1. Tell me, what ³J(HN,Hα) does each residue in segment 148-161 have, in order and in whole Hz, if you take phi through Karplus 6.51 cos²θ - 1.76 cosθ + 1.60 with θ = phi - 60° and put x for Gly and Pro?
2. In 5 Å bins starting at 0, how do the alpha-carbon pair distances of segment 5-191 split up by percent?
3. Could you work out how far apart the two model spin labels at Arg177 and Ala88 are, taking each label as a point 7 Å from the Cα in the direction of the beta carbon, and quote it in nm?
4. Scanning the chain for GluC sites (Glu not before Pro) in DSSP loops with at most 16 other Cβ atoms within 10 Å, what's the longest stretch left with none?
5. Multiply the residue separation of Glu194 and Arg64 by 0.36 nm, subtract the distance between their alpha-carbon atoms, and state the gained length in nm to one decimal.
6. Please give the charge dipole size of the chain, origin at the Cα centre, charges +1 on K and R Cβ atoms and -1 on D and E Cβ atoms. Round to the nearest 20 debye.
7. Just want to confirm a number: the relative contact order over the chain, from Cα pairs under 8 angstrom separated by 6+ residues, in percent.
8. Which one of Ala160, Ala35, Ala117 has the biggest mean-square fluctuation once the chain is modelled by GNM with Cα springs under 10 Å?
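Since every read-out is calculated from the coordinates, none of them should be taken as a lab result. Note that this is a predicted model, so its numbers are computed, not measured. Note that we place each Cβ from the backbone using ideal geometry, even for glycine, and neighbour counts take in every protein chain shown.
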Amino acid sequence: MLIRPEELSVREMYGHLVAMITPRPIAWVATTSPAGVVNLAPFSFFNGVAAQPASLCFSAVNNRDGSPKDTIRNIEATGQFVVNMVPAALAEVMNQTSFEYAPDESEVTAVGLETLASLQVRPPRVAASPIQLECQLIQVVKVGSGPAAGNLVVGQILLAHVADEVLDENGKIDPARVDTIGRMGAADYCWTRERFALPRPTGPSA
Ligand SMILES: Cc1cc2nc3c(=O)[nH]c(=O)nc-3n(C[C@H](O)[C@H](O)[C@H](O)COP(=O)(O)O)c2cc1C
């Protein structure tokens, strides 16, 4: 099968895209509006960018009417956000926060999530998330315009909070204890409970 994006509707292409690029990690992004309303939403177009500076990126596509999502409006207005990682235990409540609440309504209050104050940015952290990353905006890269166009947020990690419970005996982050979930196509998710190690090659294969 050949997929030619220009022959498909936005909806069809989106369906293919999320089925082709799998599994995707999930950034559960907290922002604060200039008026102080806390916004929380998941984004699976998400990954790391660099270690120097420690940085990450995620993309929020525009709403159907072409307007940017609340997360983007808040980040563009304040330059700050917090990325919370999502363990399996938080899957359902994370999903609830993807409902389109009005800009003046906080997802955090609507779903009854406990938050903690951040140390270096205004948006709070999700208390139950084992890894919370306080971030400062570096750049929003606009990809296209109108409905479903991308807003790629690149941010610097100012401070990472890692729960002691997810550390192993050597103080390293133990993926089994973090228990993150990944996003697949359609409404599907995956576990990260089965893993295998593959050391990097030390030379070209024979
Ligand atoms: C697991 C999951 C992953 C999602 N990933 C994205 C994404 O990468 N980009 C995007 O624009 N929307 C994504 N969404 C949808 C947003 O979370 C949803 O549009 C949300 O209402 C945006 O909130 P906001 O308008 O408060 O910013 C995802 C939803 C779920 C449940």
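1. Residue by residue, segment 148-161 yields 6, 5, x, 10, 8, 8, 10, x, 8, 7, 7, 7, 10, 9 Hz.
2. 1, 8, 16, 20, 22, 16, 10, 4, 1, 0, 0
3. Label at Arg177, label at Ala88, 1.7 nm between them.
4. On the way: sites that count: Glu100, Glu105, Glu114, Glu169, Glu194.
The segment 1-99 is the longest one with no such site.
5. 43.1 nm
6. It works out to roughly 560 debye.
7. Details: 415 pairs, mean separation 49.0, N = 206.
Relative contact order of the chain: 24 percent.
8. Ala35
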